[in-house]
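Engineer: I have a structure I would like to understand better, so I am pasting it below and will then ask my questions one at a time.
The values are calculated or read from the model by the stated rules, or taken from the named source; none is laboratory data. This is a predicted model, so every value here is computed, not measured. All Cβ positions, glycine included, derive from the backbone under ideal geometry; neighbour counts span all protein chains shown. For accessibility, only protein heavy atoms count, side chains too; no ligands or nucleic acids. Shrake-Rupley method; radii C 1.70, N 1.55, O 1.52, S 1.80 Å.
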Amino acid sequence: MQQDQETRDTAATAAQPVIALRNVSKRFPGVLALDNCQFDLAAGEVHALMGENGAGKSTLMKILSGVYQRDSGEILIDGRAVEIDGPRAAQALGIGIIHQELNLMNHLSAAQNIFIGREPKKSLGLFIDEEKLNRQAAVIFERMRLDLDPRTPVGELTVARQQMVEIAKALSFDSRVLIMDEPTAALNNAEIAELFRIIRDLQQQGVGIVYISHKMDELRQIADRVTVMRDGRYIATVPMRDTPMDTIISMMVGRQLDGGQGTPPDTSANEVVLEVRGLSRGRAIRDVGFTLRRGEILGFAGLMGAGRTEVARAIFGADPVDAGEILIHGKRALIGSPADAVAHGIGYLSEDRKHFGLAVGMDVQTNIALSCMGRFVRRGIFIDERALRETAQGYVRQLAIKTPSVEQQARLLSGGNQQKIVIAKWLLRDCDILFFDEPTRGIDIGAKNEIYKLLDALAAQGKAIVMISSELPEVLRMSHRVLVMCEGRVTGELAAADATQEKIMQLATQRESTVIQ
């Protein structure tokens, strides 16, 4: 394996690139998104593209895939300058892209999705030749060594299988280049292993792959080289195998990151601000109970489907429960809706911030004020625009939200900055109890570090925090205590000093409740 890696590194350096971008720049109103950037990719290479959110990675790849047009610079295919004036032009040149948010129609079959708009027709040209369509899809699946019936409706497939259909769609254009944007964001370990197998098969067939990810451990397994971008500029291209991860992170953020909070404070004597007893809802939540103290970060760990998010949503009043009791500051709280939860001082940052945390079509200042817009209403109908703007600007400064102005639409900001907007919304509400559900999903290492510091600061101010995370290093780094769930039940509780990845995984895969002190 190491020898194969060395061979690919050498080939990627010596061979003429399949694609090369030289001195590419792109400006949007008020923002220089790309400033003389460069990137190249060899046949059969996996080339990682890394950088913080807002570094310009997606913009550069959208230029390569024809979504955006560059303002200056050149694009070379096999050493020849080309113009890519749209996605169809990119496809014709053998460039395919698999977006993080899949672009499939659930009611159509896998084969129909692959060849949509290019379906083979019967002799009269009026009707689709379904048999030939399915045969063509089967040939691509065979190339991918993928056991999938082309006739299966996409809506019946897992997210991992849907992603394979997206890859098959790109290959149907005879793609020589595949751009994969956070391809493992919604996959489990077994599905990631299957994806990596397909990537390695495609490498053997000479397909070059641009791999965008924030997951360092994945990149060590799959990438040959890595190009780092920062603030819209090209920083460096280095071999993945020979470059320490600390060096790559330093290039990404332009600074050294601290190693974490160290020994967590002892909060065992602090006031219990939230107590949950016997919370149940079908098989999703089964007799869940726990306490949360002032100034504490309680980590919720467990495998996908363990019930962690379901517990948070139930406490927040977003989902009904069959049984259970919630006490806040020792008094029973009746929570039948999110409005009730907010009134009791509970804030919830959903794992799906774009659907449940933000109004992406609205501007930054409106999103920050959404949790308590009544504060800015004058005479019952008028919005105090000045107070709204000044309040939002204060949180933009406090949380270092990168935005041209508070009038910028939230959808135009990076994932890390969108997350900070949601946090600002609940800080403005001054909630005592905060649920952070996957707070760093899809954001880069620098933004993660800022979120970690913010959580520590909130806890130091006396806020009580539940942090749900699928990343065990994150749980271990941030939590004062760790609660582990499996199949809707609490299977264990670990003090920070005793918690390890091995102990958490042991509890996350067992059914009977066990408390390890």
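Engineer: Among the numbered conditions (1) touching a strand residue (DSSP E or B) at 6+ places or on another chain (Cβ under 9 Å); (2) buried (at least 19 other Cβ atoms within 10 Å of the Cβ), tell me where Gln365 comes up short.
Structural biologist: (1)
Engineer: Residues of segment 49-75 being modelled with pLDDT under 95, among the charged types (D, E, K, R) and open to solvent by 40 Å² or more (accessible area, probe 1.4 Å), which ones?
Structural biologist: Lys62
Engineer: Something else: Residue under question is Leu76, and the condition is that it be in contact with a Pro (Cβ under 9 Å, 6 or more places away or on another chain) and either free of Cβ contacts under 8 Å to residues at least 12 places away in the same chain or not acidic (Asp, Glu) (or both); does it hold?
Structural biologist: On the way: in contact with a Pro (Cβ under 9 Å, 6 or more places away or on another chain): yes; either free of Cβ contacts under 8 Å to residues at least 12 places away in the same chain or not acidic (Asp, Glu) (or both): yes.
Taking the combined requirement at face value, the residue satisfies it.
Engineer: Within segment 387-411, work out how many residues are in a helix (DSSP H, G or I), small (Gly, Ala, Ser) and surrounded by fewer than 15 Cβ atoms within 10 Å (Cβ to Cβ).
Structural biologist: 2
Engineer: Take the residues in segment 218-231 that are more than 20 Å from Ile192 (Cα to Cα) and at pLDDT below 90; name whichever of them is most open to solvent (accessible area, probe 1.4 Å).
Structural biologist: Selected residue: Asp231.
Engineer: Okay, moving on. Give all pairs with beta carbons closer than 6 Å in which a residue from segment 384-399 that is within 14 Å of Val422 (Cα to Cα) meets a residue that is modelled with pLDDT under 90 and charged (D, E, K, R); count only pairs at least 6 apart in sequence or on separate chains.
Structural biologist: Leu399/Lys420
Engineer: Can you find even one residue in segment 365-387 that is within 24 Å of Met304 (Cα to Cα) and at pLDDT below 85?
Structural biologist: Taking every residue of segment 365-387 in turn, none turns out to be within 24 Å of Met304 (Cα to Cα) and at pLDDT below 85.
Engineer: Another question, if that's okay. Looking at segment 151-166 only, could you name the residues that are part of a loop (DSSP other than H, G, I, E, B) and either under 12 Å from Gln112 (Cα atoms) or of a type in the set (Lys, Arg) (or both)? Give the steps one after another, and end with the answer.
Structural biologist: First pass over segment 151-166, keeping only residues part of a loop (DSSP other than H, G, I, E, B): 151-152, 157-158.
Result: Arg151, Thr152.
Engineer: Can I ask one more? State which residue is nearest to Ile249 (Cα to Cα) when the search covers only segment 457-476 and only residues that are within 24 Å of the chain's Cα centre (by Cα) and surrounded by fewer than 19 Cβ atoms within 10 Å (Cβ to Cβ).
Structural biologist: The residue in question is Pro473.
Engineer: Here is a follow-up. Considering only segment 271-304, state which residues are of a type in the set (Gly, Ala, Ser) and under 19 Å from Glu438 (Cα atoms).
Structural biologist: The answer is Ala284, Gly299, Ala301, Gly302.
Engineer: Further, regarding this structure: Restricting attention to segment 174-217, which residues are modelled with pLDDT under 90, closer than 30 Å to Gly54 by Cβ and part of a loop (DSSP other than H, G, I, E, B)?
Structural biologist: Result: Glu182, Pro183, Thr184, Ala185, Ala186, Leu187, Asn188, Ser213, His214, Lys215.
Engineer: Now a separate question. Which pairs have Cβ atoms under 9 Å, sit 6 or more apart or on different chains, and link a residue in segment 284-300 that is over 22 Å from Ala497 (Cα atoms) to one that is open to solvent by 30 Å² or more (accessible area, probe 1.4 Å) and among the β-branched types (Val, Ile, Thr)?
Structural biologist: Pairs found: Ile285/Val321.
Engineer: When the residues of segment 119-153 are narrowed to those that are touching a residue at least 24 places away in the same chain (Cβ under 8 Å) and basic (Lys, Arg), which ends up nearest to Ala170 (Cα to Cα)?
Structural biologist: Result: Arg143.
Engineer: So is Ile445 under 16 Å from the mean Cα position of the chain (by Cα) and either at pLDDT below 90 or aliphatic (A, V, I, L, M) (or both) or not?
Structural biologist: Numbers: under 16 Å from the mean Cα position of the chain (by Cα): yes; either at pLDDT below 90 or aliphatic (A, V, I, L, M) (or both): yes.
For Ile445, the condition - under 16 Å from the mean Cα position of the chain (by Cα) and either at pLDDT below 90 or aliphatic (A, V, I, L, M) (or both) - is met.
Engineer: Of everything in segment 420-462, what is under 19 Å from Val342 (Cβ atoms), of a type in the set (D, E, K, R) and assigned to a helix (DSSP H, G or I)? Give them in sequence order.
Structural biologist: Listed by number, the residues that qualify are Lys425, Arg429.
Engineer: Which is open to solvent by less than 20 Å² (accessible area, probe 1.4 Å), β-branched (Val, Ile, Thr) and farther than 29 Å from Ala185 by Cβ, of Val288, Val273, Val321?
Structural biologist: On the way: Val288 fails: farther than 29 Å from Ala185 by Cβ; Val321 fails: open to solvent by less than 20 Å² (accessible area, probe 1.4 Å).
After applying the criteria, what remains is Val273.
Engineer: Of the residues Val165, Val159, only one is open to solvent by 30 Å² or more (accessible area, probe 1.4 Å), within 22 Å of the chain's Cα centre (by Cα), among the aliphatic types (A, V, I, L, M) and within 23 Å of Asp352 (Cβ to Cβ); which?
Structural biologist: The conditions single out Val159.
Engineer: Looking at segment 46-103, which of its residues are polar (S, T, N, Q) and within 23 Å of the chain's Cα centre (by Cα)? Spell out how you get there, then give the answer.
Structural biologist: Within segment 46-103, the subset polar (S, T, N, Q) is 53, 58-59, 65, 69, 72, 91, 100, 103.
Of everything in segment 46-103, those that are polar (S, T, N, Q) and within 23 Å of the chain's Cα centre (by Cα) turn out to be Asn53, Ser58, Thr59, Ser65, Gln100, Asn103.
Engineer: When segment 412-437 is examined, which residues are found to be over 21 Å from Val253 (Cα atoms) and open to solvent by less than 10 Å² (accessible area, probe 1.4 Å)?
Structural biologist: Once the filter is applied, which keeps residues that are over 21 Å from Val253 (Cα atoms) and open to solvent by less than 10 Å² (accessible area, probe 1.4 Å), segment 412-437 yields Val422, Ile423, Ala424, Cys431, Ile433, Leu434, Phe435, Phe436, Asp437.
Engineer: Of everything in segment 76-91 that's touching a strand residue (DSSP E or B) at 6+ places or on another chain (Cβ under 7 Å) and in a strand (DSSP E or B), which residue is surrounded by the fewest Cβ atoms within 10 Å (Cβ to Cβ)? Outline the logic, then answer.
Structural biologist: Just the residues of segment 76-91 that are touching a strand residue (DSSP E or B) at 6+ places or on another chain (Cβ under 7 Å), to begin with: 76-77, 81-82, 84.
Remaining after also requiring in a strand (DSSP E or B): 76-77, 81-82.
Details: Leu76: 16, Ile77: 17, Ala81: 10, Val82: 16.
Within segment 76-91, the match that is surrounded by the fewest Cβ atoms within 10 Å (Cβ to Cβ) is Ala81.
Engineer: Inspect all residues belonging to segment 134-150 and state whether any of them is part of a loop (DSSP other than H, G, I, E, B) and either open to solvent by 70 Å² or more (accessible area, probe 1.4 Å) or closer than 30 Å to Lys354 by Cα (or both).
Structural biologist: There is at least one residue in segment 134-150 that is part of a loop (DSSP other than H, G, I, E, B) and either open to solvent by 70 Å² or more (accessible area, probe 1.4 Å) or closer than 30 Å to Lys354 by Cα (or both).
Engineer: Six or more apart or on different chains, Cβ under 8 Å: which pairs go from a residue in segment 81-101 that's more than 22 Å from Glu182 (Cβ to Cβ) to one that's open to solvent by less than 30 Å² (accessible area, probe 1.4 Å) and assigned to a loop (DSSP other than H, G, I, E, B)? Could you list them?
Structural biologist: Qualifying pairs under 8 Å: Ile84/Ser65; Ile84/Gly66; Asp85/Gly66; Gly86/Gly66; Arg88/Gly66; Ala89/Gly66; Leu93/Ile84; Gly94/Ser175.
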